[in-house]
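Here is the structure we will look at, set down as structure tokens.
The values are calculated or read from the model by the stated rules, or taken from the named source; none is laboratory data. Just so we're clear, the structure is a prediction, and the values are computed from it rather than from any experiment. Glycine gets a Cβ as well: all are built from the backbone with ideal geometry, and neighbour counts include every protein chain shown. These area figures cover heavy atoms from the full protein model, side chains too; ligands, DNA and RNA do not enter into them. Shrake-Rupley method; radii C 1.70, N 1.55, O 1.52, S 1.80 Å.
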Amino acid sequence: GESVGLHLPTLSVQEGDNSIINCAYSNSASDYFIWYKQESGKGPQFIIDIRSNMDKRQGQRVTVLLNKTVKHLSLQIAATQPGDSAVYFCAENGDSNYKLTFGKGTLLTVNP
Amino acid sequence: NAGVTQTPKFQVLKTGQSMTLQCAQDMNHNSMYWYRQDPGMGLRLIYYSASEGTTDKGEVPNGYNVSRLNKREFSLRLESAAPSQTSVYFCASRSLRQGQNTEAFFGQGTRLTVV
């Protein structure tokens, strides 16, 4: 069935370091993946997405890598800042054009 | 451009009471969603509406009903609230772009407590 999970529930880094948040998915039919950031008391905010015809996509300070062979997704944040502290979720569309399935999330804490 | 607006932001219900959570989007999106988020967990899909006039069950639909009132509005109803429905509820919307998936936009959430 569809499921998206994370390897690390919490991640603590020093300001200025690079962060890597990982995500495993099980539905090989998924062809669209999204990373969201959720700050305390707020709704999830879109960070970056990637389609299955790509292995890598870069945004501002963020990079998403997709490894379809092992069904693994990662989010890399360069020069992590205190404002990056939040819970990060990956999501996949599975075999639907309409549904998004979310993983449980990783709490990123950035220490000054 | 307000995006996705949810009302109310907070609500306390007694067990057995009913209420409707409202959601509206002004982005002309076709699809709308209701999720719940419990502590330490990701978002779980309750119901979704792929387009105006259609609704479908998600992962955890029991105890809920929905109405896609028009393209803008998608409401979630609890007919007889239970403590297990204490959660934060998020509404989201999205549309296909040139036939391809796009990101979903989320509201700020409704924090519901059932006592």
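For region A:48-98, the strands (runs of 3 or more DSSP E) that sit wholly inside it and include 1 or more residues that are aliphatic (A, V, I, L, M) and open to solvent by 10 Å² or more (accessible area, probe 1.4 Å) are A:62-67, A:86-92.
Just the residues that are more than 10 Å from residue B:20 (Cα to Cα) and either of a type in the set (Val, Ile, Thr) or open to solvent by 50 Å² or more (accessible area, probe 1.4 Å) (or both), please, taken from region B:71-97. Spell out how you get there, then give the answer.
In the first step, residues of region B:71-97 are kept if they are more than 10 Å from residue B:20 (Cα to Cα); the result is B:71-74, B:80-97.
Within region B:71-97, B:71, B:72, B:73, B:80, B:83, B:84, B:86, B:88, B:96, B:97 meet the criteria.
Inside region B:3-26, residues that are away from chain A (no Cβ under 13 Å) and of a type outside the set (Val, Ile, Thr) make up a count of 12. For region B:45-56, the condition holds for at least one residue, the condition being that it is closer than 15 Å to residue B:23 by Cβ, in a strand (DSSP E or B) and either of a type in the set (S, T, N, Q) or more than 11 Å from chain A (Cβ to nearest Cβ) (or both).
Going through (1) without any contact (Cβ under 8 Å) to a residue 60 or more places away in the chain; (2) over 11 Å from the mean Cα position of the chain (by Cα); (3) more than 22 Å from residue A:91 (Cβ to Cβ) one by one, residue B:113 falls short only on (1). Exactly one residue out of B:66, B:60 is more than 9 Å from every other protein chain (Cβ to nearest Cβ), part of a loop (DSSP other than H, G, I, E, B), in contact (Cβ under 8 Å) with a residue 12 or more places away in the chain and open to solvent by less than 50 Å² (accessible area, probe 1.4 Å): that is B:60. Taken together, A:22, A:27 contain a single residue that is in a strand (DSSP E or B), more than 10 Å from every other protein chain (Cβ to nearest Cβ), in contact with a strand residue (DSSP E or B) (Cβ under 7 Å, 6 or more places away or on another chain) and not aromatic (Phe, Trp, Tyr), which is A:22.
For region A:10-47, what are the residues that are among the aromatic types (Phe, Trp, Tyr) and either open to solvent by 40 Å² or more (accessible area, probe 1.4 Å) or in contact with a helix residue (DSSP H, G or I) (Cβ under 7 Å, 6 or more places away or on another chain) (or both)?
Keep residues of region A:10-47 that are among the aromatic types (Phe, Trp, Tyr), which gives A:25, A:32-33, A:35-36, A:46.
If the condition is that a residue be among the aromatic types (Phe, Trp, Tyr) and either open to solvent by 40 Å² or more (accessible area, probe 1.4 Å) or in contact with a helix residue (DSSP H, G or I) (Cβ under 7 Å, 6 or more places away or on another chain) (or both), then A:46 is the only one that fits.
Filtering region A:38-61 to residues that are within 11 Å of chain B (Cβ to nearest Cβ) and among the basic types (Lys, Arg) leaves A:42, A:51.
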